[in-house]
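Data block below; observations after.
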Amino acid sequence: MSKLAIIAEFWAFLKARKKWWLAPIVIFLFLLGALIIFTEGSAVAPFIYTLF
C-alpha cells in the first residue's frame, strides 16, 4: 500500500465518519515529525531539541 493510498483512505474516513477534529491533530503531528527529521543534521538541531 503506498503512502498516498493511506492519505486518501484517511481522507475518505474523515469524510464518511465526520471526524474533522482529527485533521488538525494529524497535521500537527506530521509537521512536528517533519521538523525533527529536517533539523536533525543541521546546526539548528540543538536549539530545536531544547524546546522539547
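The values are calculated or read from the model by the stated rules, or taken from the named source; none is laboratory data. In this text the structure is predicted, and so the values were computed from the model without any measurement. Because the Cβ atoms are built from the backbone with ideal geometry, glycine has one as well, and the counts that use them run over all protein chains shown. In case anyone asks, the SASA skips ligands and DNA or RNA and just uses the protein heavy atoms, side chains included. Shrake-Rupley method; radii C 1.70, N 1.55, O 1.52, S 1.80 Å.
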Residue ranges of helices (runs of 4 or more DSSP H) in the chain with at least 2 members modelled with pLDDT of 85 or more and basic (Lys, Arg): 3-17
I need every pair where a residue in segment 25-37 that is farther than 17 Å from PHE10 by Cβ has its Cβ under 9 Å from the Cβ of a residue that is open to solvent by 100 Å² or more (accessible area, probe 1.4 Å), sequence separation at least 6 or different chains. ILE36/TYR49; ILE36/PHE52
